[in-house]
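First up is the structure itself, then whatever we jot down about it.
The values are calculated or read from the model by the stated rules, or taken from the named source; none is laboratory data. The shown structure was predicted, so the numbers you read here are calculated from the model rather than taken from an experiment. No Cβ is skipped: glycine too gets one built from the backbone with ideal geometry, and neighbour counts run over all protein chains shown. When the accessible area is computed, the model is the full protein with side chains, heavy atoms only, and any ligands, DNA or RNA have been set aside. Shrake-Rupley method; radii C 1.70, N 1.55, O 1.52, S 1.80 Å.
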Amino acid sequence: MGKYIIKKFILLIITLIITSFVIFLIFELVPGDPVMDKLGTRATPEAVAALREKWGLNQPFLLRYFKFLLGIFTLDFGTSYTYGISVASLLKEKIIINLCMSLMALAIVILISFPLGVYTAKHTGGLSDKIISPLNQAAMSIPSFVLGLLITFLFGIVLRWFRPGGYVSYKTDFFGFLYYLIFPSFALAIPKIAMCIRLLKGNILEEASKDYSITAYARGNNTTGLLYRHVLKNAVMPTVTFIGMIAADMICSGIVIEQVFSVPGLGQILINSISTRDFPVVEAEVLMIALFIMVISFITDVIHVIIDPRVRI
Amino acid sequence: MKKIKTLVLFCLLALTTVLCACTDDKAKNSGSITIGIAQDIDDSLDPHKMVAAGTKEIFFNVFEGLVKPDSNGNIVPAVAESVEVSEDKLCYTFKLRNGIKFHDGNAVTIEDLEYSINKFAGRDGGEPVSSAFLNVSEVNVISDDTIEIRLASADPAFLSYLASVEAAIIPKSNATPDTVCIGTGPYKYVSRSPLQNVVFERFDEYWGEGGDIKNVTFKICTNADTIAMELEGGTIDMCIHLTKGQKMQLDKENFTIYEGTMNLVQALYLNHSFEPFNDVNVRQAMNYVCDAQEIMDYVSDGAGSKIGTSIYPSFGKYFDESLTSVYDVNVDKAKELMAKSAYPDGFDMTITVPSNYEQHVDTALVLKNQLALIGINASIEKVDWDTWINDVYLGRNYESTVIGVDAANLSANALLSRFTSEAGDNFTNYNNPAYDEAFNNAVNATDDETATKYFKECARILNSDAANVYIQDLPDFVAINKKFEGYSFYPLYVLDLTKIKTVK
């Protein structure tokens, strides 16, 4: 286990360095200039030169990159060009928003898809299966952002369960904040729920037709006992991997959903920082997303070990 | 008994007076409004460093200069109670308004005025907010409430420079104007949160009439597709700069729509260094074939104002209506002109448009079809805003572009100076000695009449020389929930909160 963690950690560092370099390079190559963005079209050349000097943009590319790397290791991501405040304080609130939204969406996925997946597997061909399967198919094929618009229209405009765009900060009203996030979370979760149900059902049915299940039947187990004691344990493995992937994807899909629900999260600030060439913010955020995805994959691996004693890491 | 009666009567009277005073006090509105704005307010809070038009638009309510513009484009006194101009037009004497206070409660002193003027005119070693202030030769404090500004050469437009947010009066005692925002306007700044909101509150000690609504929140709505939904859902009460599409989604029962213009010169700007565009026949042919009305019909349901030159209608005396009809559509004439040019069979060109401005992209699409009529094959290249600034505006590395140019202040200078051959912001590389001469005459004129005459001459030259394909001043829609009323358009990019009132 110790060896595994060290290996993962080294891999993480390498990935982060490569990612950061690629972003740095892209920003070097695309046209546009944060200085001009800050000072506007009527800026004098002297003012431009002074700000460029202040931000250290006159230094050679590699030197700037190494300075940036050094900053990361001391957990200093620098100051946002656009807002003039530290990147860490700028992103802190946004991270909490996205983390809450993703966790809620993930909880919704697990809470709904597991029972439904097992249920439909158990009653394959029954009436419930006939109702759930087509619904599933539909939910899977609707993209999150369309679902977001539908949810806003139905629950926001028609039923008035929430006010579209009425996001409140967790600092002013924590429960109001969570309540508002329920709706984008559902928009994020619904397509994933459908996928999870389908995957789980398929796996259960496959495991149930394997030799060991038939043997277990022969030894007098009933369907329920067989399902929960033997089949489910094996069938759930691919779903756990899948949920790990979903968790990583939640952050990325969240960027789109945020826009639909006007949640001021990581996505909005990422898009904004890219268009204003606010390089420190973009770099810090992309690195964070990369880190997040790696951590999720690590957690998924650990869960595998816990569920399946045969897996050794 | 009579005594008691009198006493009771007196008590009642006193009580009534007190209660009346209370209700009178409460008559001041404690309401709040949330206004949707499309762009984030990420500028410095120092008015002398504010760059984005969108920032200055709302901070117009927080900061005031010695003078300020009103909704008719007149310049009225603000921090200064009165202004006297000497006969030679070189000396401006300002009298400080009696009893005027900053948002932190301190009185505005003559030292604050001196400090602010020196700061925005670049006389404290910094950069002037506008090169026009390089003309300031002396700033002298005459007495506790009088200050004079002397100019090196007369400039009829000087007061209009002073009337912008960039020339605001701020307290000398504020060591960090970048982050601490103190002005003298009818609203004071409370807070801002990146990509979320900016909060203002009514300043009750304002010298003038002030605002009606107490709390104003500007909500940043970067997603254009959800703005109508947010208005309908009630998260925002008002939204400025709506597009045709957004306007059409709104229920007329609940919203008042105000229609004005954006105060921009929208044109197909031509890079005169690009080969076919140095030929006046080509440029005129393009002007004859491009139908501004068709563009307006397509882009904004027919709303908008034709311009014909680099001056828009709210500039009043500088605007020449007759120029709008010089190039009425005439395809035959356009073809004739093309035949006279070096490109009788047409040519290929690229229109570079910033993709974040839907109106400009749509305009380019219509232009492409119109230009095809005379054999000009235009292709459209969409770029992001920063690329546009870098490549087109600063790099001048483009063939043509559709954009709207605004004015920093109410002088014609603000719109016309960029077409002089030596101007640093002459992104079209326009070069015409006759224009330069007319412009110089206008700037050096000592009286307003002569200046206006020459500025109009400049505008005429741009039109007859077909410097660019001038299209329109874009329409601007503002939607307000019927709970409120009273928006008014300014000839500048300004949102005046004091005009907005709650419907009783």
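For chain B, take the longest principal axis of its alpha carbons; what is the angle in degrees between that and the long axis of helix B:110-120, to the nearest 10 within 0 to 90?
That works out to roughly 20 degrees.
Compute the long axis of helix B:358-372 from its Cα atoms, compare it with the longest principal axis of the Cα atoms of chain B, and write down the angle in degrees, 0 to 90, nearest 10.
Approximately 20 degrees, to the nearest 10.
For the pair residue A:96 and residue B:114, how long in nm is the line joining their label points, each one 7 Å along Cα→Cβ?
So the label points at residue A:96 and residue B:114 sit 4.7 nm apart.
Each label point is 7 Å from the Cα along the Cα-to-Cβ direction; what then is the distance between the points at residue B:488 and residue B:140, in nm?
That separation, rounded to one decimal, is 3.8 nm.
Between residue A:18 and residue B:84, what is the spin-label point distance in nm, taking each point 7 Å from the Cα along the Cα→C-beta axis?
Those two pseudo-labels are separated by 7.7 nm.
Taking each residue of A:28-34 in turn, how many C-beta atoms of other protein chains fall within 10 Å of its C-beta, and what is the average?
4
Taking 0.36 nm per residue of separation and subtracting the Cα-Cα distance, what length does fully extending residue B:350 through residue B:425 add?
24.9 nm
Compare the peptides B:102-112, A:208-218 by average per-residue count of other Cβ atoms within 10 angstrom and give them in order, highest first.
B:102-112, A:208-218
For B:274, A:153, B:59, A:68, give the ranking by accessible area with the largest first, probe 1.4 Å.
Ranked from most to least accessible, the order is A:153, B:274, A:68, B:59.
Order the peptides A:170-181, A:56-67, B:397-408 from the highest to the lowest mean number of other Cβ atoms within 10 Å of their residues.
The most tightly packed comes first, giving B:397-408, A:170-181, A:56-67.
Using a 1.4 Å probe, how large is the accessible area of residue B:67, given in Å² and rounded to the nearest 10?
0
Can you pull the mean other chain C-beta count within 10 Å for peptide A:78-91?
Mean inter-chain Cβ contacts per residue within 10 Å come to 2.
Probe radius 1.4 Å, ligands and nucleic acids left out: can you give me the accessible area buried at the B-A interface, summed over both chains, in Å² to the nearest hundred?
2900
Could you give the length gained on full extension between residue A:50 and residue A:140, defined as 0.36 nm per residue of separation minus the Cα-Cα distance, in nm?
27.1 nm
On average, how many beta carbons from a partner chain sit within 10 Å of the beta carbon of a residue in B:227-237?
5
Using only the heavy atoms of the protein chains and a 1.4 Å probe, how would A:310, A:163, B:123, B:283 rank by accessible area, largest first?
A:310, A:163, B:123, B:283
Holding the Cα-Cα limit at 28 Å, pick out from B:244/B:306; B:101/B:482; B:68/B:456; B:49/B:483; B:247/B:453 the pairs that are longer than that.
Pairs exceeding the cut-off: B:101/B:482; B:49/B:483; B:247/B:453.
Could you sort A:90-96, B:42-48 so that the peptide with the highest average Cβ count within 10 Å comes first and the rest follow in order?
Averaged packing, sorted descending, gives the order B:42-48, A:90-96.
Under 18 Å between alpha carbons, and skipping anything fewer than 8 positions from residue A:8 in its own chain: which aspartates and glutamates qualify?
In chain and number order, the partners are A:301.
When the label point is put 7 Å from the Cα of residue A:63 along its Cα-to-beta-carbon vector, which residues of the range A:70-109 have a backbone N closer than 19 Å?
A:70-72
Any lysines with Cα under 27 Å of the residue A:7 Cα? List them, leaving off those in the same chain fewer than 8 positions away.
Cα-Cα hits under 27 Å: A:67.
How much length, in nm to one decimal, is gained on full extension between residue A:25 and residue A:169, taken as 0.36 nm per residue of separation minus their Cα-Cα distance?
Extending this stretch completely gives an extra 48.3 nm.
Mind checking which lysines have their Cα closer than 25 Å to the Cα of residue A:171? Skip sequence neighbours fewer than 8 apart in that chain.
Straight-line reach from residue A:171, under 25 Å: A:92, A:94, B:188, B:214, B:219.
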